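Please read the structure below before turning to the comments.
The values are calculated or read from the model by the stated rules, or taken from the named source; none is laboratory data. Because the structure is predicted, anything quoted here is derived from the model rather than measured. No Cβ is skipped: glycine too gets one built from the backbone with ideal geometry, and neighbour counts run over all protein chains shown. Areas reflect the complete protein model, heavy atoms only, side chains present, ligands, DNA and RNA absent. Shrake-Rupley method; radii C 1.70, N 1.55, O 1.52, S 1.80 Å.
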Amino acid sequence: MRFGAYALPSYHADTDGSPGEFMRKLVDLLASAEPLGFDAIWLNEHHFHAFGGMIPSPPMMLSALAQRTQRVTLGTSITVLPLHNP
């Protein structure tokens, strides 16, 4: 059996600090999945809302995670294709 971590982060300015701080904490949290034994990290693309809306560019977040991990599978669970140029 394989286990994956899934990110649907919700941002609340009054408790999460600045968006930059929140994103740094999120990358650190997701990267910690590898030493805990997870096999994959999945991100969703979501825009325009605080609930699940803090990863507008999964490829950029996956790039940051690729710098901090070695063996986990990285992928997107949701990509909004009409927003991307093929």
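Taking the chain as a Gaussian network, Cα atoms linked when under 10 Å apart, which of 64, 33, 13 shows the biggest mean-square fluctuation?
Result: 13 has the largest fluctuation of those listed.
Search the structure for amide H atoms under 5 Å from the amide H of residue 74, placed 1.01 Å from N in the peptide plane, and list their residues when 5 or more places away or on another chain.
Close amide H contacts, sequence-distant or interchain: 41.
Accessible area per residue, 1.4 Å probe, Å², for the chain: what's the number?
On a per-residue basis, 65 Å².
Distance in nm between label sites at residue 8 and residue 71, each 7 Å beyond Cα in the beta-carbon direction?
Going from the residue 8 label point to the residue 71 one covers 2.9 nm.
Of the DSSP beta bridges with both residues in the chain, give the percent that are antiparallel, rounding to the nearest 5.
10 percent
About the Cα centre of the chain, how large is the charge dipole given +1 on each Lys and Arg Cβ and -1 on each Asp and Glu Cβ? Please answer in debye to the nearest 20.
240 debye
Residue by residue through the stretch 20-35, which ³J(HN,Hα) values in whole Hz follow from phi under the Karplus form 6.51 cos²θ - 1.76 cosθ + 1.60 (θ = phi - 60°), with glycine and proline marked x?
Calculated HN-Hα couplings, in order: x, 4, 4, 5, 4, 5, 5, 4, 4, 4, 5, 5, 6, 5, 5, x Hz.
If exposed means no more than 12 neighbouring beta carbons inside 10 Å and the site is in a DSSP loop, what's the longest run of the chain without any exposed chymotrypsin sites (Phe, Trp or Tyr not before Pro)? Kindly include the intermediate steps, with their values, before the conclusion.
Numbers: sites that count: 3, 48.
With a cap of 12 other Cβ atoms within 10 Å, the longest stretch comes to 4-47.
Add +1 for every Lys or Arg and -1 for every Asp or Glu among the other residues with Cβ under 13 Å from the Cβ of residue 72, and state the total.
Summing Lys and Arg as +1 and Asp and Glu as -1 gives +1.
Just the number, please: carbon plus sulfur as a percent of the accessible area of the stretch 1-48, 1.4 Å probe, no ligands or DNA/RNA counted.
After summing per-atom areas, the C and S share lands at 64 percent.
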